[in-house]
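Colleague: Handing you this structure, nothing more for now.
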Amino acid sequence: MMDEISSTPALSTRAAGLFGTLQLHYQTLLDRSTPHTGPRWGATGFLMFVFMLRIVFAQGWYIICYALAIYLLNLFLAFLTPKIDPEMAEEIEEAEAADESGPGLLPVNNDDEFRPFIRRLPEFKFWLNSTKAVLISLLCSFFKMLDIPVYWPILLFYWIFLFIITMRRQIEHMIKYRYVPFANFGKQRYNRS
């Protein structure tokens, strides 16, 4: 009886050590993959292709596919949206100008001022969350209890309708506040002469 009690803390210590080692290797892999944007997204695209093949050939798990599509749309919108909403920034600036007690935000009225586009969801987190979602969806497609019978054309039509409405609103927001989230891909390169 005493041997069982004394071996339990050692077992939990070893499990914690193993978990810590696995977490360290996982973080190292993520850190090393950070600068390799193309291969990262290529791997995620391949996983998505495998998942879609699984859905098409199995003729099921449409609700899982729909949930994945809604989640990826949500991530994409967060990727396109600025970290500080210009509409809210104007309201904060007006409130601080009326209050006159705080230093206020940086000037936003001058059109010549450079303001970098900072995303609400950075590209790396967008990729990581997308990859995790595709892997979880692929895993869920192997459980028969998650294959809920639905009429998939309705889900497809509803998702397309939701995508069009949401993207139209997002594009209107981009035009209204004059920001382009895709203008800063890569660093500018100069030719050596």
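Colleague: Between residues in segment 53-72 that are more than 21 Å from Thr166 (Cα to Cα) and residues that are part of a helix (DSSP H, G or I) and of a type in the set (Phe, Trp, Tyr), which pairs lie under 8 Å by C-beta distance while being six or more apart or on different chains?
Modeller: Qualifying pairs under 8 Å: Ile55/Tyr62; Tyr62/Trp152.
Quick grid of which residues meet (1) surrounded by 16 or more Cβ atoms within 10 Å (Cβ to Cβ); (2) modelled with pLDDT under 85:
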residue: Phe57; (1), (2): no, no
residue: Gly60; (1), (2): yes, no
residue: Leu68; (1), (2): yes, no
residue: Tyr71; (1), (2): yes, no
residue: Asp85; (1), (2): no, yes
residue: Gly102; (1), (2): no, yes
residue: Asn110; (1), (2): no, yes
residue: Ile136; (1), (2): no, no
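Colleague: If the Cβ limit is 7 Å and pairs must be 6+ apart or interchain, which residue in segment 149-173 that is within 23 Å of Glu87 (Cα to Cα) pairs with which residue that is open to solvent by less than 90 Å² (accessible area, probe 1.4 Å)?
Modeller: The qualifying pairs are Phe163/Leu73; Thr166/Leu73; Thr166/Leu77; Gln170/Leu77; Gln170/Leu80.
Colleague: Also: When the residues of segment 139-193 are narrowed to those that are modelled with pLDDT under 75 and under 25 Å from Leu68 (Cβ atoms), which ends up least open to solvent (accessible area, probe 1.4 Å)? I'd like the intermediate steps shown before the answer.
Modeller: Our first condition is that a residue be modelled with pLDDT under 75; within segment 139-193, this holds for 180-193.
Applying the additional criterion that residues be under 25 Å from Leu68 (Cβ atoms) yields 181-182.
Details: Pro181: 2, Phe182: 99 Å².
Per the stated criteria, the residue is Pro181.
Colleague: Would you call Arg14 at pLDDT below 90, open to solvent by 80 Å² or more (accessible area, probe 1.4 Å) and within 28 Å of Ile171 (Cα to Cα)?
Modeller: On the way: at pLDDT below 90: yes; open to solvent by 80 Å² or more (accessible area, probe 1.4 Å): yes; within 28 Å of Ile171 (Cα to Cα): no.
For Arg14, the condition - at pLDDT below 90, open to solvent by 80 Å² or more (accessible area, probe 1.4 Å) and within 28 Å of Ile171 (Cα to Cα) - is not met.
Colleague: Something else now. At pLDDT 90 or above and under 29 Å from Phe142 (Cα atoms): does that describe Phe46? Full working, then the answer.
Modeller: On the way: at pLDDT 90 or above: yes; under 29 Å from Phe142 (Cα atoms): yes.
Yes; evaluated as a whole, the condition is true for this residue.
The values are calculated or read from the model by the stated rules, or taken from the named source; none is laboratory data. Given the structure is predicted, the values throughout are model-derived calculations rather than measurements. A quick note on method: Cβ atoms are made from the backbone with ideal geometry, for glycine too, and the neighbour counts reach across all protein chains shown. Just the protein is used for accessible areas: all its heavy atoms, side chains included, with ligands, DNA and RNA removed. Shrake-Rupley method; radii C 1.70, N 1.55, O 1.52, S 1.80 Å.
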